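Here is the structure we will look at, set down as structure tokens.
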Amino acid sequence: MGTLMTEAIVDPDKFVTVGKFLEPTNAQMAKGVLESAGIECFLQGENANSLLALAFRARLLVHKKDEQTARELLGAAGDETEDEQRELEAGDDEG
């Protein structure tokens, strides 16, 4: 419910993507890691992702001021975002 409203007011000048996820579960876990560290974040495209998982990626966005901390936390939480990014790049080439 709050996600839809938040997506409508995203300002790309204030937010940056720190992770892209094919699996909604991984996106939720990463969001939880950042929220537990006190970093405001939200998922964009999360609902579309669950309907047609391979066509959409959920993006985890944070305020620009929190980008470095968020990346460090996500790196410590696991390399899922890196692995998924490689998978996405490989998949994009098949076009």
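A few notes on this one:
- The C-beta contact set for segment 11-34 (first residue modelled with pLDDT of 85 or more, second residue part of a loop (DSSP other than H, G, I, E, B) and not aliphatic (A, V, I, L, M), distance under 6 angstrom, 6+ apart or interchain) comprises 20/57.
- Each residue in segment 35-69 was checked for being among the aliphatic types (A, V, I, L, M), more than 11 Å from residue 20 (Cα to Cα) and either touching a Ser or Thr at 6+ places or on another chain (Cβ under 9 Å) or modelled with pLDDT of 95 or more (or both), and 3 pass.
The values are calculated or read from the model by the stated rules, or taken from the named source; none is laboratory data. Bear in mind the structure is a predicted one, so any value in this text is a computation, not a measurement. So basically every Cβ, Gly included, is an ideal-geometry build from the backbone, and we count neighbours across all protein chains shown.
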